[in-house]
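**Q** Below you'll find the structure I mean.
Any read-out appearing in this document is the output of simple, stated calculations on the displayed coordinates, not a laboratory observation. Keep in mind that what you see is a predicted model, and the values were worked out from it rather than measured. Here the Cβ is made from the backbone with ideal geometry for all residues, glycine too, and neighbour counts use every protein chain on show.
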Amino acid sequence: MTPKTPAEIGGMGHSVKRKEDPRFIRGQGTYVDDIVLPDMLYLDIVRSPYAHATIKSIDTSKALAIPGVLAVITGKDLAQYNLHWMPTLMSDTQMVLPVDKVMYQAQEVAAVLATERYIAADGADAVEVDYDPLPVVVDPKKALLPDAPVLRTDKPDKKDNHIWHWEWGDRAATDQAFKEAEVTVKEDIYIPRIHVSSIETCGCVASFDKVKGKLTVWMTTQAPHAIRTVFALVAGHVGLAEHKIQIISPDIGGGFGGKVPVYPGYVIAVAASVLTGKPVKWIEDRMENIQADSFARDYHITAELAGKKDGQLTALRIKTIADHGYTDAAANPSKFPAGLFHICTGSYDLKAAHVEVDGVYTNKPPGGIAYRCSFRVTEAVHAIERMADLMAHEIGMDPAEFRIKNFIKPEQFPYKSALGWEYDSGDYAGALHKAMEKIGYAELKKEQAEKRKRGELMGIGISSFTEIVGAGPSKHFDILGLKMFDSAEIRIHPTGKAIARFGTKSQGQGHETTYAQIIAEELGIPVDDIAVEEGDTDTAPYGLGTYASRSTPTAGAAGAVAARKIRDKAKKIAAYLLEAHEDDLEWEPGKFFVKGSPDRAKTIQEISLAAYTNHPQGMEAGLEAVSYYDPPNLTYPFGSYICVVDIDKGTGEVKVRRFVAVDDCGNIINPMIVEGQIHGGLTMGLGPSLYEEIQYDESGNILQGSFMNYLLPTAVETPNWETDKTCTPSPHHPLGAKGVGESATVGAPAAIVNAVVDALWHLGVRHIDIPITPPKVWKLLRENGVTE
Ligand code: MCN
Ligand code: CUN
């Protein structure tokens, strides 16, 4: 797309350098832990060594004897104010601090308040808790057995560990299609628990001003307004009304979905500040972050695909057990307990589909956050892209040809999927062809055939994913009743400079730059002249926050709509100044001019000044607008990824030799930022594919509780990503843009697994669960006599 604005204005399509970077690269960002207030106290948390145990007693005397320790807060203290439990995003309940039992290892048990951070930590070590261990349930399938101990004894009516059953689609039509199928394939696919490892851990500074009765909380949250409302609803009975609560999300060092939930530490810090009248800081350390914060995925999927011998797909059937840990705290729109998992028909034109998911309690920390994926889309994409590959291999058809045969065709858009989604636009074959060309697909196939003769293990894997982002149309999507719109408020100052505030909150995505570009595009005001703010609930308009790649589809659209309202008013002012009729005016970036006489023009800066100094009689002064944008549909970005792997026969190590990613997110605001999003996203797709997994032993002990064994890819493991794009605008978004922040993380794992299985198919290997670690592959090689 050629930019419509010149580089000095920097509208859409310009790779404007990030406005936020000068402060970040100089170490001048303001993160929560940078906030220091006078008389600030520190909180540290006592955590449970047991995954399931009764608390017999808590002895705080030794801790309280340490000079500087001011208080030890327990569940019983919070229970006096009915703050020992809190609601989760899925209307389940979660303990802030336990009164009688703990439900997972590393759960919060008590909190120590002290004058210094390290004194608080010493105090936490000195708290003595007497536990009585209870039987532990870690396997969700065992949790469903009739003799399994019932975990949620706090719910009097609960007689088992089953949380909910959810199903979608046409069961009868799907069963019928399977009966009539010429070929079917079936596979169990486990998508393990993984953990968001943002550079900054979670934390807050809560400051209650007893005189003003106002609570200010700086916190690491992706959704400040929603948090404010939830705090007001939960703590209204202790006098915290919503206008007396200010949530500020300062700079955030990565969110990736892990900073959507409310963690107990936040609530305890707020309670401690309200009780003491002093500011209270709580910052997780790295081990607490990895062991106790909410986790992603943990989906036990059984998928079946039906089709004809010629490769035509007909139907998909999926059953899933979702491990939610001890509470359903998943970050999903309220009406969808399994998120948008029913995007699982993917890029294919299927006649019928049916999907079932059962949520289960186990003795683990809460699961169900999204790890750079809008609500279970990675799980869905992984399932369909694995199954498509399995089917192609099964019938002996080239996986690329197979996909092209089954893709939804460009002329079928808007396309209604078998599970009810209306895909907005796409050209799936276009993206796949581009990726095939870029990687040299035909030559790679030849190379592979030759290598196979020599006994070398090389694989080629494709993933042609469809993402679904931008929740959302508020008729379907809400979180605890809050409709999922988003907002923008733009104010133009007399000198033509602007401030714009949004209801979302960047965690590294570059909103200060890209939102300014959207306004520059619409008003012709240079990017440098536009200040963008987010994350302060006292100033920003109400919005639902940044996750699910929704900022561009929702708040970005709101920015365009608000800017257009301003342009409409500017036109009236220009007509007045130019003594012309509005209909005779034309717009080009930055000015209105009289049709046919380009010299008779008024720049947006001149118009801005006139809005305060010389506006028409009867018109309100000023130049500003607000938009609360409720998107008519979601956006459906997509892409085709091709991965080439070589497998070391001696060690089982998988090496990603090449990875080509062709993405399509419609019209692009900032190509450089989008490329950065894709590079980061691909690396976050690589991690879980080859390295990352959180496991528990039978007693509920976490096995990957630190970066010693929870492995993240570094620059050494990360291949050279080769990226490219196609552009299929969204027909309903004001700028034709789709979200992109998560596409790569969602799409990449299936390409990697498909490549590995492709390398090993001739040995009889049909599937490998991620992460594909060297021991897993080595075992397969050994079983097949390839290695000793
Ligand atoms: N963009 C663009 N043109 C498009 C689409 C997007 O220029 N057609 C730009 C946007 O203007 C924005 C960025 O790309 O600057 C991402 O936009 P979008 O896809 O709308 O996603 P969000 O801004 O809502 O970001 C959320 C998404 C999610 S859900 C996760 S998880 C994730 C991700 O972004 N977390 C991140 N990328 C991250 N990047 C960083 N650095 N840190 C995180 O925590
Ligand atoms: Cu999907 S993790 Mo992001 O939605 O913040």
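**Q** Taking 7 Å along the Cα-to-C-beta vector as the label spot, tell me the residue 167-residue 714 distance in nanometres, rounded to one decimal.
**A** 5.0
**Q** How big is the Kirkwood radius of the range 525-616, worked out from every pair of different alpha carbons and given in Å to one decimal?
**A** 15.1
**Q** Could you order the peptides 387-399, 322-334 from most to least packed, using the average number of other C-beta atoms within 10 Å per residue?
**A** Top to bottom by mean Cβ count within 10 Å: 322-334, 387-399.
**Q** Is any helix in the chain, taking whole DSSP H runs, at least 15 angstrom long along its axis by alpha carbon and on average at least 1.0 on the Kyte-Doolittle scale, and which ones? Please list the in-between numbers first.
**A** Working: long enough: 224-235 (16 Å, 1.24); 264-276 (18 Å, 1.65); 377-395 (27 Å, 0.35); 428-439 (17 Å, -0.05); 441-453 (19 Å, -2.15); 511-523 (17 Å, -0.27); 557-578 (31 Å, 0.25); 671-690 (28 Å, 0.57); 743-760 (27 Å, 1.41).
Taking the DSSP H segments of the chain (at least 15 Å long, mean hydropathy at least 1.0), we get 224-235, 264-276, 743-760.
**Q** Then there's this: Determine the sum of side-chain charges near residue 62: Lys and Arg each +1, Asp and Glu each -1, restricted to other residues whose C-beta is under 13 angstrom from that of residue 62.
**A** -4
**Q** If you don't mind, another one. Which order do the peptides 413-420, 616-623, 352-359, 519-526 take when ranked by the mean count of other beta-carbon atoms within 10 Å per residue, highest first?
**A** The peptides rank, most packed first, as 519-526, 352-359, 413-420, 616-623.
**Q** In Å and on Cα atoms, what radius of gyration and Dmax does the range 686-788 show?
**A** Every Cα atom of the range 686-788 included, Rg and Dmax give 18.3, 60 Å.
**Q** Next question. If the reach is capped at under 16 angstrom between alpha carbons, list the aspartates and glutamates near residue 725, excluding any in the same chain fewer than eight residues apart.
**A** Counting by Cα, and skipping residues close in sequence, residue 725 has these aspartates and glutamates nearby: 427, 437, 467, 663, 664, 675, 742.
**Q** Another question about this same structure. Classify the range 90-206: rounded, prolate or oblate, from the alpha-carbon gyration tensor (a ≥ b ≥ c, eigenvalue square roots; a/c under 1.5 rounded; otherwise prolate if a/b is larger than b/c)?
**A** On the way: a/c = 3.01, a/b = 2.05, b/c = 1.47.
Because a/c hits 1.5 or more and a/b exceeds b/c, the range 90-206 counts as prolate.
**Q** While we're looking at this one, here's another question. Please give the net charge around residue 726, taking every other residue with its beta carbon less than 9 angstrom from that of residue 726, where Lys and Arg add +1 and Asp and Glu add -1.
**A** Surrounding charge for residue 726 is -2.
**Q** Considering Cα pairs under 8 angstrom that are at least six residues apart, work out the relative contact order of the chain and quote it in whole percent. Intermediate results must be reported in sequence, preceding the final value.
**A** Values: 1999 pairs, mean separation 123.9, N = 788.
Relative contact order here is 16 percent.
**Q** May I pose another question? Going 7 Å from the Cα of residue 21 along its beta-carbon direction, which residues of the range 663-690 have the amide nitrogen within less than 16 Å of the resulting point?
**A** 670-680
**Q** Full extension from residue 116 to residue 476: what is 0.36 nm times the residue separation minus their Cα-Cα distance, to one decimal in nm?
**A** 124.9 nm
**Q** If you stretched the chain out fully between residue 587 and residue 401, how much longer would it get, using 0.36 nm times the residue separation minus the C-alpha to C-alpha distance?
**A** 62.2 nm
**Q** How many lysine pairs in the range 145-285, separated by 8 or more positions in sequence or lying on different chains, have Cα atoms less than 18 Å apart?
**A** 10
**Q** For a Förster distance of 41 Å, can you work out the FRET efficiency between the beta-carbons of residue 7 and residue 422, rounded to the nearest 0.05?
**A** So the FRET efficiency works out to roughly 0.65.
**Q** Quote the FRET efficiency, to the nearest 0.05, computed for residue 776 versus residue 79 with a Förster distance R0 of 51 Å and r equal to the Cβ-Cβ distance.
**A** The formula returns an efficiency of 0.65 here.
**Q** If you take every residue apart from residue 90 with its C-beta less than 11 Å away from the C-beta of residue 90, what net charge results, scoring Lys and Arg +1 and Asp and Glu -1?
**A** Around residue 90, the charge tally is -1.
**Q** Further question on the same structure: Calculate log10 I(q)/I(0) of the range 222-367 for q = 0.09, 0.16 Å⁻¹, where I(q) comes from the Debye formula with a single equal point scatterer on each Cα and nothing for solvent.
**A** -0.44, -0.99
**Q** For the chain, what does the alpha-carbon gyration tensor say about shape, rounded, prolate or oblate, given a ≥ b ≥ c as the root eigenvalues, a/c under 1.5 as rounded, and a/b over b/c as prolate?
**A** oblate
**Q** For the range 148-284, count the residues as N, evaluate 2.2 N^0.38 Å, and divide the Cα radius of gyration by that value, please.
**A** Computed over Cα atoms of the range 148-284, the ratio equals 1.57.
**Q** Contour minus end-to-end for residue 612 and residue 454, with contour as 0.36 nm per residue of separation and end-to-end as the Cα-Cα distance?
**A** Gain on extension, residue 612 to residue 454, equals 49.0 nm.
**Q** Report, ordered by chain and residue number, the lysines lying within cross-link reach of residue 655, taken as a straight Cα distance under 21 Å and ignoring same-chain residues fewer than 8 apart.
**A** Qualifying lysines at Cα under 21 Å: 438, 445, 446, 451, 453, 776, 779.
**Q** OK, next. How large is the helix-only mean residue ellipticity at 222 nm for the chain, computed as the sum of -39500 (n - 2.57) over DSSP H runs with n ≥ 4, divided by its residue count, in deg cm²/dmol to the nearest 500?
**A** Working: 19 runs with 215 residues, N = 788.
Helix-only estimate at 222 nm: -8500 deg cm²/dmol.
**Q** Points 7 angstrom from Cα along the Cβ direction at residue 54 and residue 233: gap in nanometres?
**A** Going from the residue 54 label point to the residue 233 one covers 3.5 nm.
**Q** Please report, in debye to the nearest 20, how large the charge dipole of the range 94-215 is about its Cα centre when each Lys and Arg carries +1 at its beta carbon and each Asp and Glu carries -1 there.
**A** It works out to roughly 420 debye.
**Q** To continue, here is another question. Write down Rg/Rh for the range 352-461, rounded to two decimals, with Rg from the C-alpha atoms and Rh from the Kirkwood relation over Cα pairs.
**A** Expressed as Rg/Rh, it is 1.05.
**Q** Any chance you could check the Cα centroid distance between the range 489-507 and the range 134-154 for me, in angstrom?
**A** A separation of 51 Å, based on Cα centres.
**Q** Applying a 10 Å radius around every beta-carbon, put 694-703, 273-282 in order of their mean neighbour count, most first.
**A** 273-282, 694-703
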